[in-house]
Structures are given as structure tokens and as C-alpha cells.
1. Of everything in the range 112-144 that's charged (D, E, K, R) and part of a loop (DSSP other than H, G, I, E, B), which residue is surrounded by the fewest Cβ atoms within 10 Å (Cβ to Cβ)?
2. In contact with a Phe, Trp or Tyr (Cβ under 7 Å, 6 or more places away or on another chain), hydrophobic (A, V, I, L, M, F, W, C), touching a residue at least 60 places away in the same chain (Cβ under 8 Å) and over 14 Å from Thr186 (Cβ atoms): which single residue out of Phe116, Phe102 fits that description?
3. Restricting attention to the range 7-26, which residues are assigned to a loop (DSSP other than H, G, I, E, B) and either under 13 Å from Arg108 (Cβ atoms) or more than 8 Å from the ligand (Cβ to nearest atom) (or both)?
4. Against the definition (buried (at least 16 other Cβ atoms within 10 Å of the Cβ), touching a Lys or Arg at 6+ places or on another chain (Cβ under 7 Å) and not in a loop (DSSP other than H, G, I, E, B)), how does Pro164 come out, yes or no?
Amino acid sequence: MNQGICKICGQTKPLIDAHIIPMSFFREFGEVPKQYSTKANEYPRLTRRGIYDSNCWCMDCEQLFKDYDDHAALLLKLPQPKFVGDKTLRVQVDYQLMKLFFVSVLWRAHLSGVRFYDKVSVGDFHAARLREMVLNRDAGGVEEYSTWMFQFNIGDERDSALPPHPVRVIRVLCYRFFIVGFTWVTKVDSRPTPEIYRGIIMRPNEPLQVRRMDWQTSQERSLLLGAVQNTTESRNTTA
Ligand SMILES: [Zn+2]
């Protein structure tokens, strides 16, 4: 293990192989993950062990995320949609734990220095607030880092992921994560959630709403195909 300064507690300690999106999500992948990154050759650690950062935080600080990660593992058991259409799955969740999963993944991605997460940079103000929420187990108000979710009828391409990235949803800044057939979008903006998604954001004492979407016509698939194509091109040029 690396000895270094933990980005969470600030102490000099052995730093673990810190997963940002938890390893349980990567176990869903087969033995040989697909080439899903534009820089596949630069991700030598992209295996079933997941994507991790060995320069981030210590074993004690990793425990901060355990309850959130354990709760979010229920997402992995949800059935894939068999149909196409604007149907919504309602899943009983603990609002505090699930919301803090999304909040903490965003914060972890911000803290990480590995390339897969390099498009996630929320700025000092949000980084401080996300830290405070995670450490205090404060899930925040409904509009604070509001999050909504989609699931695709993705079939065999479930073992694919895109580097999380900022998106503007009707001018409102959000970060989009896509992995194991799910997309979740977390708002990082003081403006309210765009009206079209306001009905499906997470709310206390209500089920998590997972909107089922068609994979073939999704933007995520287009992005993924672009990524795969770029990988092939870069391989051809470097071969
Ligand atoms: Zn620490």
C-alpha cells in the first residue's frame, strides 16, 4: 500500500486501492471487460477489480462510505426492463442512504485523480458541501444535489461504462454517471431541477423512481459507440 496524505482525514497513512464507484458494480462485468473507454490502453487497471485510485484515502475513511455502498448494491439486483417505453420502476429505498450514495460517489469522483474520473470537478464550494454531507450523514434537501435515474434494456452490453461527465440539462449543470445499464444524473447547480425531471427526483419517504429507457436509441449508446470507435482508431494508429 502507498503511504501518503489521505485526502479525507489529512493524516499520513497507508492509502488503500479506493474504489469510487464501488467494486460491487464492477463485479458485474465479465472476466474480460469491453473496451469502453476512448483511452482504453491507458487504463491498465480496468478489470473486474474495477477502477480504483491508490492515492486517495485511508482504510478508516473508506468506512465512511460502507453503509451507502451496501445499500446501493440493491440496484444491481433490479431486473432489466424487457419492454421499451416510458415506464417507471418504483424501488423501496432508504432515502438517506441512497441519496448519500449518489452524493458520495460524486464527491469521491471529484477527489480522485485517475483519468476515468477526470471530467468530474465540482469546485471548492461544492466539494466542501459534499464532504460535509457525507461526514455528517446529511442527505440534504430534495433539491440539493437532486438525483434521478434511468435503466436501459441494455442486454449484453450491460458490462459497459462511460467516464462520468458534466452535462447541461436545460442549462442546469449536472453530472451523469453510466454503468451496468443505469444512468444517474446528479444536479450540481443552485437552480431547481428542470421541470421535466422534477417528478422523478429522489424524495424522502418515497420510492426511488427508475425510468426505463430504450437502449438502442439512447445517447449513452451513441457515446459508447463513439468511444469504442475511437479506441479502435487509436489502436490502429499506435500499432
Ligand atoms: Zn483518512
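Throughout, read-outs are computed from the coordinates displayed, never taken from laboratory work. All figures in this text were calculated on a predicted structure; none of them were measured in a lab. Please note: Cβ atoms are built from the backbone with ideal geometry, for glycine as well, and neighbour counts cover all protein chains shown.
1. Out of the qualifying residues, it is Arg137.
2. So the residue among Phe116, Phe102 that is in contact with a Phe, Trp or Tyr (Cβ under 7 Å, 6 or more places away or on another chain), hydrophobic (A, V, I, L, M, F, W, C), touching a residue at least 60 places away in the same chain (Cβ under 8 Å) and over 14 Å from Thr186 (Cβ atoms) is Phe116.
3. Answer for the range 7-26, where residues must be assigned to a loop (DSSP other than H, G, I, E, B) and either under 13 Å from Arg108 (Cβ atoms) or more than 8 Å from the ligand (Cβ to nearest atom) (or both): Lys7, Ile8, Ile16, Asp17, Ile20, Ile21, Pro22.
4. It is true that Pro164 is buried (at least 16 other Cβ atoms within 10 Å of the Cβ), touching a Lys or Arg at 6+ places or on another chain (Cβ under 7 Å) and not in a loop (DSSP other than H, G, I, E, B).
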